[in-house]
1. Taking the criterion of being buried (at least 16 other Cβ atoms within 10 Å of the Cβ), out of contact with any strand residue (DSSP E or B) (no Cβ under 8 Å at 6 or more places or on another chain), at pLDDT 90 or above and in a strand (DSSP E or B), would at least one residue in the stretch 157-180 satisfy it?
2. Residues being out of contact with any helix residue (DSSP H, G or I) (no Cβ under 8 Å at 6 or more places or on another chain) and within 27 Å of residue 231 (Cβ to Cβ): count how many of those fall in the stretch 146-167.
3. Which residue pairs have Cβ atoms closer than 6 Å, lie 6 or more positions apart in sequence or on different chains, and pair a first residue in the stretch 213-230 that is surrounded by fewer than 24 Cβ atoms within 10 Å (Cβ to Cβ) with a second residue that is assigned to a strand (DSSP E or B)?
4. Look through 12, 39 and report the one residue that is modelled with pLDDT of 90 or more, in contact with a strand residue (DSSP E or B) (Cβ under 8 Å, 6 or more places away or on another chain) and crowded, with 17+ Cβ neighbours inside 10 Å.
5. Can you tell me which residues in the stretch 206-225 are outside any strand (DSSP E or B) and under 22 Å from residue 112 (Cα atoms)?
6. Residue 245 - would you say it is over 18 Å from the mean Cα position of the chain (by Cα), buried (at least 24 other Cβ atoms within 10 Å of the Cβ) and modelled with pLDDT of 85 or more?
7. Among all residue pairs at least 6 apart or on different chains, which show Cβ distances below 7 Å where the first residue, located in the stretch 333-344, is over 22 Å from residue 310 (Cα atoms) and the second is outside any loop (DSSP other than H, G, I, E, B) and modelled with pLDDT of 90 or more?
């Protein structure tokens, strides 16, 4: 006769999509009762994992039905124990997501690792959306490595701040048709930001709710790489229309991108698609040639594995780097270039992917 211990043992095959850990180890299946021909389990998922509920329940049911003598599986849904404000919504922020007045869509740009050109994609996406006639904001949430001010040519400017305390308001800096706020506008260029999670969460919420965004069709958020506090703070603070995942063709980049993509799915955030950056190098003296310096097919593989669109394959061109350093994004400085045209297509596809028309 099958025992509860045997049932619990086989249920260890069911894994969390993000961490890869067994749901039994995580305590998400916290009761297993067996009385052949029926098995009863209790599924108790934290808020951020609710998006996995159907999959976990289906896998658990299938595994148990394969045991000898089990013909029926009953799944009960438990309530997670109260975790306080930090556990439920992240560093004291309220559990209910709060919209930004005047902002119709929030679209995040994220990557699993640094060095893949995520900020370049975010800045040029914002500029391309603005060139299409949309009212665009850019929130540089990469607090530890804020690059947007340099890329938009406003690193020497300081935003106007009005009021004090909870009534303090920041006026975004306008450049290239985009309204932008960034930690890089508030600190010296050589000053490190040495903050723990609660402070990081606080400044992101200030950028979201205490900046005078006005009426914006789209707010593009440039997230730091990885799956940490900034991603959780944003995902749990504000309703998001979706996230764009940036990777390069390299396998090491794909591994990290998978973790980031899985994290957003766990958090219930729509993944709009994948951008493969640095897909091929185009020499300035031979624009008809393309060299796959970092391999090929990585972006399409990631998109196919997770059943999301491959939104763009951005080539490597010298004007991309030069424009970023000089504060002239390539969609502004060289709109006829292959990279700029691909960024324009990216903007069009992002708009198409958003559930509510922009």
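1. Yes, because at least one residue in the stretch 157-180 is buried (at least 16 other Cβ atoms within 10 Å of the Cβ), out of contact with any strand residue (DSSP E or B) (no Cβ under 8 Å at 6 or more places or on another chain), at pLDDT 90 or above and in a strand (DSSP E or B).
2. Matching residues across the stretch 146-167 total 2.
3. 213/103; 213/137; 216/103; 216/137; 217/104; 225/111
4. On the way: 12 fails: crowded, with 17+ Cβ neighbours inside 10 Å.
The conditions single out 39.
5. Of everything in the stretch 206-225, those that are outside any strand (DSSP E or B) and under 22 Å from residue 112 (Cα atoms) turn out to be 223, 224, 225.
6. No.
7. Pairs found: 334/340.
The values are calculated or read from the model by the stated rules, or taken from the named source; none is laboratory data. Note that this is a predicted model, so its numbers are computed, not measured. Ideal geometry is used to build each Cβ from the backbone, glycine not excepted, and the neighbour counts take in all protein chains shown.
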